[in-house]
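*Asks:* The structure that follows is given in the form of structure tokens.
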């Protein structure tokens, strides 16, 4: 298979491959999905042909994203995503708790979304400042 990409499109593909592999493998320790590591290796091995030599390095015989790539802002994008997902999940869990975890259906779906929206608004305005745990 051949795919024709501009340099800008290829650079975006590098970001997407890295982010995808990070999400799949970053928390797995030694139990990694090796096939995704392999695809990342294949894609980053094309950096040399594209003249993007600073974006890859070779470790233990494998082509991997370079430290320059990893420190170039990609983790800020991942962190933004993680923050958004965290607050969305927290808002939904709190809303479901407020509703005593009753099953959601057509009768109470709008109540759930309204409660979620209220929590999201709170988090957008105050982050974690107003969250406390009663023990």
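*Asks:* Can you tell me the Rg and the Dmax, both Å, for the Cα atoms in the stretch 1-112?
*Replies:* When restricted to Cα atoms, the stretch 1-112 yields Rg and Dmax of 19.6, 58 Å.
*Asks:* Sticking with this structure for a sec: How much length is gained on full extension from residue 71 to residue 48, taking 0.36 nm per residue of separation minus their Cα-Cα distance?
*Replies:* On the way: separation 23, 0.36 × 23 = 8.28 nm, distance 1.92 nm.
Using 0.36 nm per residue and subtracting the Cα-Cα distance, I get 6.4 nm.
*Asks:* Then there's this: Using a Debye calculation, one point per C-alpha and no hydration shell, please list log10 I(q)/I(0) for the stretch 73-126 at q = 0.12, 0.18 Å⁻¹ in order.
*Replies:* Normalising to I(0) and taking log10 leaves -0.33, -0.62.
*Asks:* Mean separation of Cα pairs under 8 Å and 6+ residues apart, divided by the residue count of the chain: what relative contact order is that in percent?
*Replies:* 14
*Asks:* Same structure again: Once the convex hull of the C-alpha atoms of the stretch 1-62 is built, how many Å³ does it hold per residue, rounded to a whole number?
*Replies:* Here the figure is 97 Å³ per residue.
*Asks:* With an 8 Å Cα cut-off and a minimum separation of 6 or more residues, compute the relative contact order for the stretch 23-81 in percent.
*Replies:* Value for the stretch 23-81: 22 percent.
*Asks:* To the nearest 10 degrees, how steeply does helix 75-98 sit against the main Cα axis of the chain, on a 0 to 90 scale?
*Replies:* Here the helix axis deviates by roughly 20 degrees.
*Asks:* Compute the long axis of helix 34-44 from its Cα atoms, compare it with the longest principal axis of the Cα atoms of the chain, and write down the angle in degrees, 0 to 90, nearest 10.
*Replies:* 60
*Asks:* Between the helical axis of 7-25 and the dominant principal axis of the chain, each derived from Cα atoms, what acute angle in degrees is found, rounded to the nearest 10?
*Replies:* 60
*Asks:* Over the stretch 57-135, calculate the relative contact order: mean separation of alpha carbon pairs under 8 Å at least 6 apart, over the residue count, as a percent.
*Replies:* 25
Just so you know, all these numbers are worked out from the coordinates, no wet-lab data involved. Keep in mind that what you see is a predicted model, and the values were worked out from it rather than measured.
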